[in-house]
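Q: First, the structure itself, so that you have it in front of you.
Taken together, the values in this text are just the output of simple stated rules run on the coordinates, not laboratory data. Everything numeric in this text was worked out from a predicted model, so none of it was measured. Glycine gets a Cβ as well: all are built from the backbone with ideal geometry, and neighbour counts include every protein chain shown.
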Amino acid sequence: MTSQHLVTFQPDNRSVSVRPGTTLLDASWRAKVNIRTRCGGVAGCLMCKVNVTAEQAAFLQPPTEAERHKLGTLLEEGVRLSCQARVKGNVTVSIPEDPLKAAIRKKLAEQQQEDDDWFK
């Protein structure tokens, strides 16, 4: 019987069991978690970044040459490419907020604050 590892994606708190060696991007598809990508998973677009704590990094295989080349010093900050990072243990990763969604959320929060201030 093949061993399975649990991959948990934050902030959605969705988990999926996968075989060792599965990429985080493949795991995200199975968990129905959206990680943006444009290159089809070949470390070409840098859109599929995820954040991994130092403790959780031990449960992923070491960065590939392509990943080291693309990310450089971001690797030291806990950033990995989900298309390249492969599972070797139960791991939890965080998906950064989509930049467009973040901008919309910020604008809505500012508008709400203005509305609240106006009605005071």
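Q: Could you look through the stretch 35-74, keep only residues that are among the small types (Gly, Ala, Ser) and surrounded by 13 or more Cβ atoms within 10 Å (Cβ to Cβ), and pick out the one that is farthest from LYS88 (Cα to Cα)?
A: Of the residues in the stretch 35-74, the ones among the small types (Gly, Ala, Ser) are 40-41, 43-44, 54, 57-58, 66, 72.
Now restrict to residues that are surrounded by 13 or more Cβ atoms within 10 Å (Cβ to Cβ): 41, 43-44, 57, 66.
On the way: GLY41: 19, ALA43: 20, GLY44: 23, ALA57: 10, ALA66: 19 Å.
For the stretch 35-74, the residue satisfying everything is GLY44.
Q: Can you pull out every residue in the stretch 57-94 that is part of a loop (DSSP other than H, G, I, E, B) and out of contact with any helix residue (DSSP H, G or I) (no Cβ under 8 Å at 6 or more places or on another chain)?
A: Once the filter is applied, which keeps residues that are part of a loop (DSSP other than H, G, I, E, B) and out of contact with any helix residue (DSSP H, G or I) (no Cβ under 8 Å at 6 or more places or on another chain), the stretch 57-94 yields ALA58, PHE59, GLN61, PRO62, THR64, LYS88, GLY89, ASN90.
Q: Still on this model: Being more than 16 Å from THR22 (Cβ to Cβ) and either of a type in the set (S, T, N, Q) or surrounded by 13 or more Cβ atoms within 10 Å (Cβ to Cβ) (or both) is the filter here; which residues of the stretch 75-103 pass it?
A: Within the stretch 75-103, LEU75, GLY78, VAL79, SER94, ILE95, PRO96, ASP98 qualify.
Q: Return the pair list, or none, for Cβ contacts closer than 6 Å from residues in the stretch 30-48 that are under 23 Å from GLN4 (Cβ atoms) and free of Cβ contacts under 8 Å to residues at least 24 places away in the same chain to residues that are hydrophobic (A, V, I, L, M, F, W, C) and surrounded by 13 or more Cβ atoms within 10 Å (Cβ to Cβ), at least 6 apart or on different chains.
A: From residues that are under 23 Å from GLN4 (Cβ atoms) and free of Cβ contacts under 8 Å to residues at least 24 places away in the same chain, the pairs are ARG30/VAL16.
Q: Return the pairs, sorted by first residue and then second, in which the second residue is among the aromatic types (Phe, Trp, Tyr), the first residue lies in the stretch 9-24 and is touching a residue at least 12 places away in the same chain (Cβ under 8 Å), the beta carbons are less than 8 Å apart, and the residues are 6+ apart or on different chains.
A: Listed by first residue and then by second, the contacts come to SER15/PHE9.
Q: Which ones in the stretch 56-74 are closer than 18 Å to ARG19 by Cβ and among the aliphatic types (A, V, I, L, M)?
A: LEU60
Q: Of all residues being part of a loop (DSSP other than H, G, I, E, B) and more than 16 Å from the chain's Cα centre (by Cα) in the stretch 1-34, which is surrounded by the fewest Cβ atoms within 10 Å (Cβ to Cβ)? Just the residue, please. So that I can check it myself, show each step before the final result.
A: Taking the stretch 1-34 and keeping what is part of a loop (DSSP other than H, G, I, E, B), we get 1-4, 11-13, 19-22, 31-34.
Next, only the ones that are more than 16 Å from the chain's Cα centre (by Cα) stay: 1-4, 19-21.
On the way: MET1: 3, THR2: 5, SER3: 8, GLN4: 14, ARG19: 12, PRO20: 13, GLY21: 11.
The qualifying residue surrounded by the fewest Cβ atoms within 10 Å (Cβ to Cβ) is MET1.
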